[in-house]
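I have placed the structure first, in the form of structure tokens, so that the comments after it can refer back to it.
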Amino acid sequence: HDERTFVMVKPDGVQRGLIGDVVSRLEDKGLKMVGGKFMQIDEDLAHEHYAEHEDKPFFDGLVEFITSGPVFAMVWEGADATRQVRQMMGATDAQEAAPGTIRGDYGNDLGHNLIHGSDHEDEGANEREISLFFDEDELVDWDLGT
Ligand code: CMP
């Protein structure tokens with residue numbers, strides 16, 4: 001199959017009713033959802049997911065935020081999917097993100113930036129994050145019929 005990438009609507013995006021919009025944008029782009037889960041992240045999963053930020057001053061706030069309410073975790077598939085999704089998300093700091101991007105259109109904050117996507121530069125990031133959130137049998141192989 002094509003490249004798979006991990007994407008998550010964060011608690012602020014869920015609160016603001018943006019799950020459907022994020023899904024629509026990725027569907028419209030021609031990417032294919034192969035896994036999706038509405039869930040509450042617990043402390044342990046938050047620590048694992050953000051392990052690389054453990055020493056940063058914003059780590060505690062980050063864990064508090066990501067566990068503050070439900071998220072919608074997804075796996076999307078497509079050629080160069082990781083880079084495509086990152087382009088559509090826009091810059092990490094939503095204040096800097098270009099209009100037309102998801103963060104640029106809806107976000108106004110560095111921490112509350114609506115959506116997470118795997119890092120394109122970090123080769124293992126996708127596999128690591130997908131397996132942290134999904135069992136293999138929760139991912140569905142199907143054809144978009146294009
Ligand atoms: P994301 O790239 O999804 O994962 C790490 C998150 O840490 C990032 O989104 C931001 O929301 C958050 N983050 C990065 N830098 C800072 C910062 N200086 N202060 C607060 N949050 C930050």
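For region 37-62, give me each residue that is closer than 24 Å to Val23 by Cα and either within 11 Å of the ligand (Cβ to nearest atom) or not basic (Lys, Arg) (or both).
Phe38, Met39, Gln40, Ile41, Asp42, Leu45, Ala46, His49, Tyr50, Leu62
Can you confirm whether Gly100 is more than 10 Å from the ligand (Cβ to nearest atom) and either within 20 Å of Leu18 (Cβ to Cβ) or not polar (S, T, N, Q) (or both)?
yes
Return the pairs, sorted by first residue and then second, in which the second residue is assigned to a strand (DSSP E or B) and within 12 Å of the ligand (Cβ to nearest atom), the first residue lies in region 116-143 and is closer than 14 Å to Ala73 by Cα, the beta carbons are less than 6 Å apart, and the residues are 6+ apart or on different chains.
His116/Met8; Gly117/Val7; Ser118/Phe6; Asn126/Phe6; Glu129/Phe6; Ile130/Phe6
Let's see how each residue does on (1) of a type in the set (A, V, I, L, M, F, W, C); (2) at pLDDT below 95; (3) on the phi > 0 side of the Ramachandran plot; (4) surrounded by 13 or more Cβ atoms within 10 Å (Cβ to Cβ):
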| residue | (1), (2), (3), (4) |
| --- | --- |
| Arg4 | no, no, no, yes |
| Ser24 | no, no, no, no |
| Phe38 | yes, no, no, no |
| His49 | no, no, no, yes |
| Glu54 | no, no, no, no |
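Could you list, in sequence order, the residues of region 24-54 that are more than 21 Å from Asp122 (Cβ to Cβ) and touching a strand residue (DSSP E or B) at 6+ places or on another chain (Cβ under 7 Å)?
Result: Lys32, Met33, Gly36, Lys37, Phe38, Met39.
How do the helices (runs of 4 or more DSSP H) wholly within region 60-146 filter down when requiring 1 or more residues that are surrounded by 18 or more Cβ atoms within 10 Å (Cβ to Cβ), modelled with pLDDT of 95 or more and in contact with a helix residue (DSSP H, G or I) (Cβ under 6 Å, 6 or more places away or on another chain): which remain?
The helices (runs of 4 or more DSSP H) meeting that bar are 81-89, 102-106.
Which residues, counting only those in region 109-130, are small (Gly, Ala, Ser) and over 18 Å from Lys32 (Cα atoms)?
Within region 109-130, Gly111, Gly124, Ala125 qualify.
If I go through region 107-130 residue by residue, how many of them are under 15 Å from the mean Cα position of the chain (by Cα), more than 12 Å from the ligand (Cβ to nearest atom) and under 20 Å from Ile19 (Cβ atoms)?
Going through region 107-130 one residue at a time, the tally reaches 1.
Does Gly30 satisfy the criteria of being away from the ligand (no atom under 15 Å from the Cβ), at positive phi and surrounded by fewer than 13 Cβ atoms within 10 Å (Cβ to Cβ)?
yes
The values are calculated or read from the model by the stated rules, or taken from the named source; none is laboratory data. Fair warning: this is a prediction, and the values are worked out from it, not measured in the lab. Counting neighbours? That spans all protein chains shown, and the Cβs are built from the backbone with ideal geometry, glycine included.
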